[in-house]
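Participant: Submitted below is the structure of interest, expressed as structure tokens.
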Amino acid sequence: MRPTAFRRPAWWAAAALALWLAAPSAAFSSPLPAAADPPRYERALPTAVVLIDVGHGGIDGGAHYGGVLEKDINLQVAKRLYLVLRSKGIPAVLNRTGDYALSDENRWHMTRSRHRRDLSQRRGLAETIDVRLLVSLHVNWSRSPAARGPLVLHQDEGRSALLAFFLQDALNREYGVRRIPKTGKPYYLLNAVKLPSVIVELGFLSNPSDRAKLTDPRWQQRLAEAVASGIRQYLWTAG
Ligand SMILES: [Zn+2]
């Protein structure tokens, strides 16, 4: 279901032919227009560094169902995403690799609120490390057990919306649903971080079907690959 290769469509060939056909005869005495330049098939992916923001950690477990904790699922998928991205030549960094709270080591925000320290640590990292985009991994929760499926939240900004579109589309395919991304206006992270950022809610821990997927290593791999595929498409499109 996922796109397996990124090949530029042959639009350039059609465009070059159209130009040639439409050109007045006088044009033949002048050099061909730039549009006829040979295409660069082997266009390398731009140097991309993705910051994978692993939601919650340590004392902050996030959503939970019995002994299943959001923070653990986020980390499991994040590690897989890291490996998939690296295997595709897209350098990535994780902002936590174990079960700890980012607020514990905050260097940017001296406040007594652990939650604020945690969030500003995430923002501070995004500003310190030279990254092109930030993907924050989370798991959703609803009081209604029927609520299910992935949801991507984005900034009120074009690049973030584009990234969210590709991620949502890739995750929709895995789940067999049709959802559209939403702006996440109230979210501190999306407001505070300047680079294109999205929050990916991988599924609903409160829904039995989603929960089975989110806790299944094979599905975690599928979700990681879907997110990586969306990131790759974004990088390709955004240049
Ligand atoms: Zn969360």
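Participant: So, in segment 144-183, exactly how many residues are more than 15 Å from residue 202 (Cα to Cα) and either within 16 Å of the ligand (Cβ to nearest atom) or outside the structural domain of residue 225 (by TED's automatic domain parsing) (or both)?
Facilitator: Count: 0.
Participant: Out of (1) over 17 Å from residue 220 (Cα atoms); (2) away from the ligand (no atom under 16 Å from the Cβ), what's the single condition that is false for residue 186?
Facilitator: Condition (2) is where residue 186 drops out.
Participant: Taking segment 51-91 as the region of interest, how many residues are touching a helix residue (DSSP H, G or I) at 6+ places or on another chain (Cβ under 8 Å), more than 12 Å from the ligand (Cβ to nearest atom) and part of a loop (DSSP other than H, G, I, E, B)?
Facilitator: Qualifying residue count for the region: 5.
Participant: Take the residues of segment 65-81 that are over 18 Å from the mean Cα position of the chain (by Cα) and among the aliphatic types (A, V, I, L, M): which is surrounded by the most Cβ atoms within 10 Å (Cβ to Cβ)?
Facilitator: 69
Participant: Shifting gears a bit: If you go through segment 194-213, how many residues are in contact with an Asp or Glu (Cβ under 9 Å, 6 or more places away or on another chain) and either aromatic (Phe, Trp, Tyr) or within 16 Å of the ligand (Cβ to nearest atom) (or both)?
Facilitator: Of the residues in segment 194-213, 6 are in contact with an Asp or Glu (Cβ under 9 Å, 6 or more places away or on another chain) and either aromatic (Phe, Trp, Tyr) or within 16 Å of the ligand (Cβ to nearest atom) (or both).
Let's see how each residue does on (1) among the acidic types (Asp, Glu); (2) surrounded by 15 or more Cβ atoms within 10 Å (Cβ to Cβ); (3) in contact with a strand residue (DSSP E or B) (Cβ under 9 Å, 6 or more places away or on another chain); (4) closer than 19 Å to residue 123 by Cα:
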residue: 176; (1), (2), (3), (4): no, no, no, no
residue: 181; (1), (2), (3), (4): no, yes, yes, no
residue: 190; (1), (2), (3), (4): no, yes, yes, yes
residue: 197; (1), (2), (3), (4): no, yes, yes, yes
residue: 202; (1), (2), (3), (4): no, yes, yes, no
residue: 206; (1), (2), (3), (4): no, yes, yes, no
residue: 209; (1), (2), (3), (4): no, no, yes, no
residue: 214; (1), (2), (3), (4): no, yes, yes, no
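The values are calculated or read from the model by the stated rules, or taken from the named source; none is laboratory data. This one's a predicted model, so the numbers in the text were calculated from it and none came from an experiment. Neighbour counts are summed over all protein chains in view; Cβ atoms, including those assigned to glycine, are modelled from backbone coordinates with ideal geometry.
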